[in-house]
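Notes follow the structure.
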């Protein structure tokens, strides 16, 4: 009688590698802060490496005066180069408004999600005069609830391959209360320049009246 041979190699059950258990992450929709909300723990760091300042396209290296920046109504606009043309258009709109924002008693700050070399070239080509703050790990964007690991941007916007904050612009007063909010989610709305300036002016008027009382 011929002996039969097993064409499959012998193995122990212990050698079987089980499939990895993937942790289920529940979907949590973003709930951005709205007018009337407070950001009580909103803080900025004055470390030089977290700031980039430009004047007419050229990078400057002046001191960061946080008290002067925060003691007036502050226009905060979130930006990422991953937004491409939509992000650049927002920067151009803000750049066109910067002088009027200051004339109405406010300040302007752009929150950038990462410090990247292309910003200097972008500022030069578009003659930007803007102050950028590097938001490491999207710490500030999370406070405004426009960024979340559980709801990445690539799930909502075609052409986006990175998880980035929404294109959002806020006006906050010195008490860190939101007095105006705007989020561009469909890229067809005109940038609300008049509304932003009006919010800055009204907030500055209230602040000045309180100080003179």
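The values are calculated or read from the model by the stated rules, or taken from the named source; none is laboratory data. Predicted model only: the values in this text are computed from it and were never measured. Neighbour counts are summed over all protein chains in view; Cβ atoms, including those assigned to glycine, are modelled from backbone coordinates with ideal geometry.
Looking across the stretch 30-83, the residues that are assigned to a helix (DSSP H, G or I) and surrounded by fewer than 19 Cβ atoms within 10 Å (Cβ to Cβ) come down to 48, 49, 50, 66, 67, 68, 69, 70, 81.
Do we have any residue at all in the stretch 53-72 that's touching a strand residue (DSSP E or B) at 6+ places or on another chain (Cβ under 7 Å), modelled with pLDDT of 90 or more and closer than 18 Å to residue 139 by Cα? So far as the stretch 53-72 goes, no, none of its residues is touching a strand residue (DSSP E or B) at 6+ places or on another chain (Cβ under 7 Å), modelled with pLDDT of 90 or more and closer than 18 Å to residue 139 by Cα. Scan the stretch 174-191 for residues that are in contact with a strand residue (DSSP E or B) (Cβ under 7 Å, 6 or more places away or on another chain) and over 11 Å from residue 75 (Cβ atoms) and the total you get is 5. Checked across the stretch 124-141, the condition of being in contact with a strand residue (DSSP E or B) (Cβ under 8 Å, 6 or more places away or on another chain) and surrounded by fewer than 15 Cβ atoms within 10 Å (Cβ to Cβ) holds for at least one residue. The number of residues in the stretch 132-162 that are part of a loop (DSSP other than H, G, I, E, B) and within 11 Å of the chain's Cα centre (by Cα) comes to 5. Could you tell me which of the residues 193, 117, 129 is touching a residue at least 24 places away in the same chain (Cβ under 8 Å) and within 22 Å of residue 50 (Cα to Cα)? Result: 129 is the single residue among 193, 117, 129 that is touching a residue at least 24 places away in the same chain (Cβ under 8 Å) and within 22 Å of residue 50 (Cα to Cα). A single member of 131, 209, 112, 163 is modelled with pLDDT under 95 and in contact with a helix residue (DSSP H, G or I) (Cβ under 9 Å, 6 or more places away or on another chain), and it is 163. Per the listing 108, 119, the residue uniquely surrounded by 21 or more Cβ atoms within 10 Å (Cβ to Cβ) and farther than 21 Å from residue 42 by Cα is 119. Look at (1) in contact (Cβ under 8 Å) with a residue 40 or more places away in the chain; (2) farther than 19 Å from residue 30 by Cβ; (3) under 17 Å from the mean Cα position of the chain (by Cα) and you find that residue 110 fails only one, number (1).
The residues of the stretch 175-192 that are in contact with a helix residue (DSSP H, G or I) (Cβ under 6 Å, 6 or more places away or on another chain) and modelled with pLDDT of 90 or more, listed by number, are 179, 180, 191.
Apart from one condition, residue 101 fits all of (1) in contact with a strand residue (DSSP E or B) (Cβ under 8 Å, 6 or more places away or on another chain); (2) surrounded by fewer than 16 Cβ atoms within 10 Å (Cβ to Cβ); (3) within 30 Å of residue 206 (Cβ to Cβ); the exception is (2).
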